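First up is the structure itself, then whatever we jot down about it.
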Amino acid sequence: MGLAGRMTWAALLLGPLAWAQGGTGAVPRAGTFPGRARVPFLWQVAALERQARKAYQARDWAAAAEAYEAFHASGGGTASSYDNLGVALTNLGRWAQAESAFQKAIDLDPEHRWAYNHLGFVYREEGRYEQAVAMFRRQIAISPKDPYAYRNLAGALTLMGRLEEAEQAAAAEEKYTYERGEVYLDMACDLNSQNHPEQAKKYLEKAKSAGAERGLLAQESAHYFLTLHDYRRAEEQYLKLLEYQPYEPLVALRLGTLYWEAGNLEKAAAAFGRVINVGEDASVTIRTSANTSKRVSFSDLQNNAGAARSVFGDVPADLARAAMLVRLDGYRREYRQSKSPAQAARLRAACQELLQQSNPIPVEAWLRDTLGWTLLAESRMAAAEEELERAYALAPGRRMIAYHLAVALEQSGDTERAVEMYTRSLAALPAAQIECGCEEPDLAAREQAARAAYAKWRGETEGFDAYRKRLEQQK
């Protein structure tokens, strides 16, 4: 589950949403059905087009693609309907079919500027930058004052490292757009995706000077800090964005993905939980806007990549894994209230299910720590210590993992190592690491446990501060 390197298709600058083009109607070949059969055939074709356009407007990409394909198969079709089909297919990740749809739109109308724009986007996402540039230049030739063409051209040129030309295209875009500074955000985004944060910073500053919308500026600033692996400042930007757009599900998904990558699974679950609800019947309800949602089965979400795409299109999160975490967090909260063996077993099963996936190292460390801590609560010492040792080896800088391992070591009689782990649980949080806000016991209680274990080990307490200082210097 990685943070998206670029804006998603749905958020990309493709001009006013292409469904606005779709009202031109289709021209079915009615003459192929003589006599009375002609009228119902025309009505059915028109109904298919309306169904397709309705799904498109709702961004139900799977339904839109199916309906447009049926509409075209029935004999209907315009440049705009093929263009809309291409947009739906792109959101579903069906790149080759999307390219064919856009080419068909251009064949039907060689002056269809949006088809060139969208085809250029497909080429850009596939790394075919020269072809993307050609499409955007063709769009400019058709519509010389189209800001979206200049904006996407600037993005493609940026990805090619042709920054001087990109700046010229950006300056042209700024002359014609009302979306001030957003072209520079695109350029910063592309440079961040190529791991060029210093160059990206220059364009972030240009975007701010040009008056870019604060939400977009916060989003790309978060991307910049992620490139620097400064998770704490990235979190600050995403929290700003969530404040600006509290009901936008993609913002919560981005924040959840940040926490996931950083291994702060309590916070990740809370962020994902703003969008995802997992029912007892294994159904998953995903909020798609402030007042709309979609339901999918848990098994479909896990086993069918298209199920997630049908909800949002290209999203900055693995929805299946996010749903698994939301469900696991529910089990974790129930376990903390009851401490029952049944709840512990259910929580461990959920952890093991996630461990079967390929996860970031901090995520695996958190899951193994959770396994170890529940096993320790049941006095299953060998299994608990094994899991906690593995968690600590994966993430030695995690203070609560060190504390949990210390408790296990002390109970098993290894007091000397327990003192070391207790003391390591007191370390300062690294500057770029996100505070989880969930440490129990708190720092003061952990220090008390460390001093008590030191006294048990050494028979005195006076030397603890010097021991702690030596340990800090060793790291």
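A short reminder: the numbers here are calculations on the coordinates, not readings from a lab. Because the structure is a prediction, the values reported are computed rather than measured. Ideal geometry is used to build each Cβ from the backbone, glycine not excepted, and the neighbour counts take in all protein chains shown.
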What shape does the range 212-257 have by the C-alpha gyration tensor, where a ≥ b ≥ c are the square roots of the eigenvalues, rounded means a/c under 1.5, and otherwise prolate means a/b greater than b/c and oblate the rest?
oblate
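Relative contact order of the chain: what whole-number percent is it, with Cα pairs under 8 angstrom and at least 6 residues apart?
Working: 707 pairs, mean separation 49.1, N = 475.
Answer for the chain is 10 percent.
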Would you kindly state how much longer the chain becomes between S340 and E472 on full extension, computed as 0.36 nm times their sequence separation minus their alpha carbon distance, in nm to one decimal?
43.7 nm
Using R₀ = 30 Å, calculate the FRET efficiency as 1/(1 + (r/R₀)^6) where r is the Cβ-Cβ separation of A452 and R390; round to 0.05.
0.70
Dipole of the chain [Lys/Arg +1, Asp/Glu -1 at C-beta], most positive-end residue of V45, S338, L253
V45
Label model pair E416, Y244: point-to-point distance (7 angstrom along the Cα→beta-carbon line) in nm is 5.6
The range 297-316 versus the range 68-110: alpha-carbon centroid distance in Å
22
Can you find, among A382, W366, A444, the residue farthest towards the positive end of the dipole of the range 360-474? Put +1 on the C-beta of Lys and Arg, -1 on that of Asp and Glu.
A444
Could you tally the net charge around K206, taking each other residue with its Cβ under 13 Å from the Cβ of K206, Lys/Arg +1 and Asp/Glu -1?
-3
How about the range 204-289: which GluC sites (Glu not before Pro) there lie in a loop by DSSP and see at most 15 other Cβ atoms within 10 Å?
E213, E280
Take the Cα radius of gyration of the range 277-366 and divide it by 2.2 N^0.38 Å, with N its residue count; two decimals is plenty.
1.16
Which of the lysines could a cross-linker span from K339 if the Cα-Cα distance has to be under 28 Å and same-chain partners fewer than 8 positions apart are dropped?
K267
The range 151-186 to the range 331-368: how many Å between their Cα centroids?
46
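Calculate the FRET efficiency for E280 and L355 from the Cβ-Cβ distance with a Förster distance of 22 Å, rounded to the nearest 0.05.
E between E280 and L355, to the nearest 0.05, is 0.40.
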Treating cross-link reach as a plain straight distance, find the lysines whose alpha-carbon is under 22 Å from the alpha-carbon of K202, omitting any fewer than eight places away in the same chain.
K175, K240
For volume of the Cα convex hull per residue in Å³, one of [x] 185; [y] 158; [z] 275 was computed from the structure I shared and the rest are decoys. Which label?
[y]
Relative packing of peptides 164-171, 395-402 - highest average C-beta neighbours within 10 Å first
395-402, 164-171
In deg cm²/dmol, rounded to 500, what helix-only [θ] at 222 nm does the chain give when every DSSP H run of at least 4 residues adds -39500 (n - 2.57) and the total is split over its residues?
-21500 deg cm²/dmol
Express in nm, to one decimal, how much length is gained between A141 and A290 on full extension, taking 0.36 nm for each residue of separation and deducting their alpha carbon distance.
49.7 nm
